[in-house]
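Asks: Sharing a structure below in structure tokens format, with a few things to ask.
The values are calculated or read from the model by the stated rules, or taken from the named source; none is laboratory data. Values in this document were obtained by computation on a predicted structure and should not be read as measured data. We place every Cβ from the backbone using ideal geometry, glycine too, and count neighbours over all the protein chains shown.
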Amino acid sequence: MAAPHAVVGVEAGSRETELPESDPATGEVKRPQFGTRFLTDPRQVFQHNAWDNVEWTEEQEASAKKKVLENSQPLPTEKQEEYEGRANEYWNDFYTIHENRFFKDRHWLFTEFPELAPQCSLNNDSHPQVSGADDSQQDSLEREQRIDVAALSLTDDDAPGSSATYRILEVGCGVGNTVFPILKTNNDPGLFVYCCDFSSTAVELVKTNPEYDPGRCLAFVHDLSDVEANYPVHDGTLDVIVLIFVLSALHPDKMQASIRRLARLLKPGGVMLLRDYGRYDMAQLRFKKGRCLSENFYVRGDGTRVYFFTQDELHEMFTEAGLEKVQNLVDRRLQVNRGKQLTMYRVWIQCKYRKAPVQPAKTEGSPLCGRRHPT
Ligand SMILES: C[S@@+](CC[C@H](N)C(=O)[O-])C[C@H]1O[C@@H](n2cnc3c(N)ncnc32)[C@H](O)[C@@H]1O
């Protein structure tokens with residue numbers, strides 16, 4: 001399909017100015033389900049807010065590549081080190097400014113990732129809106145934070161989630177855009193949701209949310225790229241690990257080890273779910289000179305960083321961690337601001353990779369005729 005209009009730029013890395021209304025943390029726009037509206041007649045482009053599965057022309061791809069190349073001079077090492085060393089402080093500042101005002105009701109979570117609520121039918125009206133914390137919640141937060149989560153004894157039967165039968169971990173949970181819909185939608189009594197972020201401000205916002213239920217959920221501060229740090233779960237015990245727009249925030253050199261570390265936590269048959277930025281997404285093409293840290297890795301104006309993946313890169317990372325592909329797709333969307341007659345080409349990648357289920361133990365011959373089973 002030919003591009004009906006050029007991508008219209010706003011300030012590089014600015015989340016708030018993306019159009020139409022989008023999530024400041026990820027740039028995604030609310031929509032009920034993916035892949036259902038196709039633009040067959042370019043003259044119709046301003047009839048809807050978004051179009052699915054938009055095909056890029058060769059010229060469009062070449063022009064995106066050129067734009068990225070022109071803008072690929074990396075910042076000096078000292079700057080790079082500063083952004084790496086203070087990464088969580090920049091995210092703390094982000095959440096201090098935005099708090100949880102941008103809570104988004106992500107209905108697509110359960111259509112794209114039914115593993116988040118396998119036994120439950122989706123009630124689209126049931127998701128909560130987030131409001132601020134009161135003083136008593138703040139007090140209980142402070143009490144809870146005195147517990148060092150990583151130091152919890154994993155052999156302790158009272159450890160959070162120890163008796164659960166379905167365990168989900170969300171890494172880089174932010175203010176809970178995924179966690180709270182899961183808690184609301186998945187009413188399996190055996191469910192327990194662990195969630196972490198390296199921004200203590202974000203974790204505080206999760207814990208002070210009125211929907212936070214310590215009987216069903218544990219939020220804790222954790223740096224995904226610190227592969228030596230303990231998680232409050234045993235290896236081989238998680239059913240699902242969720243990574244939504246978080247891997248892209250890590251330094252590319254740290255991604256592989258982080259995925260390998262997470263893969264250890266999955267039980268056989270468990271899945272890792274990812275949705276993240278794809279190569280040549282509008283957000284990448286908007287970055288101006290002086291924002292590139294390394295190939296396809298940039299720093300935004302607020303100090304937070306973002307990488308733009310290809311499907312192959314993610315495939316390699318997951319398979320190197322011992323996982324097998326269930327899904328690896330690219331979601332190309334054309335977002336439209338009808339009022340301003342602007343078009344924006346978005347590229348996201350969605351992956352599901354599974355840890356191999358345990359193979360049933362081989363028996364020697366048939367029990368009926370085997371010598372090991374005498375009657
Ligand atoms: C773009 S936001 C996405 C937040 C959330 N997943 C969502 O979709 O709303 C990226 C999140 O990853 C977190 N993050 C970045 N690097 C991290 C790391 N090394 N360990 C844990 N969390 C990290 C940030 O604090 C931020 O909350």
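Asks: Mind checking which residues of the range 231-245 are over 14 Å from the mean Cα position of the chain (by Cα), buried (at least 16 other Cβ atoms within 10 Å of the Cβ) and in a loop (DSSP other than H, G, I, E, B)?
Replies: Within the range 231-245, TYR231, PRO232, VAL233, THR237 qualify.
Asks: Of all residues being polar (S, T, N, Q) and more than 8 Å from the ligand (Cβ to nearest atom) in the range 231-258, which is nearest to PHE180 (Cα to Cα)? Just the residue, please.
Replies: First pass over the range 231-258, keeping only residues polar (S, T, N, Q): 237, 248, 256, 258.
Remaining after also requiring more than 8 Å from the ligand (Cβ to nearest atom): 237, 256.
Values: THR237: 22, GLN256: 28 Å.
Only one residue fits best here, namely THR237.
Asks: Select the helices (runs of 4 or more DSSP H) contained entirely in the range 246-359, then report the ones holding at least 3 residues which are in contact with a helix residue (DSSP H, G or I) (Cβ under 6 Å, 6 or more places away or on another chain), under 23 Å from SER63 (Cα atoms) and not basic (Lys, Arg).
Replies: Counting at least 3 such residues, we get no helices (runs of 4 or more DSSP H) at all.
Asks: Which of (1) farther than 22 Å from VAL68 by Cβ; (2) touching a strand residue (DSSP E or B) at 6+ places or on another chain (Cβ under 9 Å); (3) surrounded by fewer than 17 Cβ atoms within 10 Å (Cβ to Cβ) is the odd one out, the single condition THR310 does not satisfy?
Replies: In the conditions (1) farther than 22 Å from VAL68 by Cβ; (2) touching a strand residue (DSSP E or B) at 6+ places or on another chain (Cβ under 9 Å); (3) surrounded by fewer than 17 Cβ atoms within 10 Å (Cβ to Cβ), THR310 misses (1) alone.
Asks: Does LYS184 meet the test of being among the basic types (Lys, Arg), crowded, with 19+ Cβ neighbours inside 10 Å and away from the ligand (no atom under 12 Å from the Cβ)? First the steps, then the outcome.
Replies: Working: among the basic types (Lys, Arg): yes; crowded, with 19+ Cβ neighbours inside 10 Å: no; away from the ligand (no atom under 12 Å from the Cβ): yes.
No.
Asks: If ARG261 satisfies all but one of (1) within 30 Å of VAL347 (Cα to Cα); (2) within 15 Å of the ligand (Cβ to nearest atom); (3) crowded, with 20+ Cβ neighbours inside 10 Å, what's the number of the condition it fails?
Replies: (3)
Asks: Out of all the residues in the range 216-230, is one or more over 26 Å from PHE309 (Cα atoms), more than 14 Å from the ligand (Cβ to nearest atom), of a type in the set (A, V, I, L, M, F, W, C) and assigned to a loop (DSSP other than H, G, I, E, B)?
Replies: Checked the range 216-230: no residue is over 26 Å from PHE309 (Cα atoms), more than 14 Å from the ligand (Cβ to nearest atom), of a type in the set (A, V, I, L, M, F, W, C) and assigned to a loop (DSSP other than H, G, I, E, B).
Asks: For the structure I just gave you, tell me whether GLY322 is in contact with a strand residue (DSSP E or B) (Cβ under 9 Å, 6 or more places away or on another chain), surrounded by fewer than 16 Cβ atoms within 10 Å (Cβ to Cβ) and in contact (Cβ under 8 Å) with a residue 40 or more places away in the chain.
Replies: Criteria met by GLY322.
Asks: Can you tell me which residue within the range 252-291, out of those that are of a type in the set (D, E, K, R) and at pLDDT below 95, is nearest to HIS315 (Cα to Cα)?
Replies: ARG286
Asks: Could you list, in sequence order, all residues of the range 327-347 that are surrounded by fewer than 18 Cβ atoms within 10 Å (Cβ to Cβ) and touching a Leu at 6+ places or on another chain (Cβ under 8 Å)?
Replies: Scanning the range 327-347 gives ASN328, ASN337, LYS340.
Asks: What about ARG305, is it among the basic types (Lys, Arg), surrounded by 15 or more Cβ atoms within 10 Å (Cβ to Cβ), within 22 Å of ILE168 (Cβ to Cβ) and at pLDDT 95 or above?
Replies: No, not satisfied.
Asks: For ASN177, which of the numbered conditions (1) within 16 Å of the ligand (Cβ to nearest atom); (2) at pLDDT 50 or above; (3) not in a loop (DSSP other than H, G, I, E, B) fails to hold?
Replies: (3)
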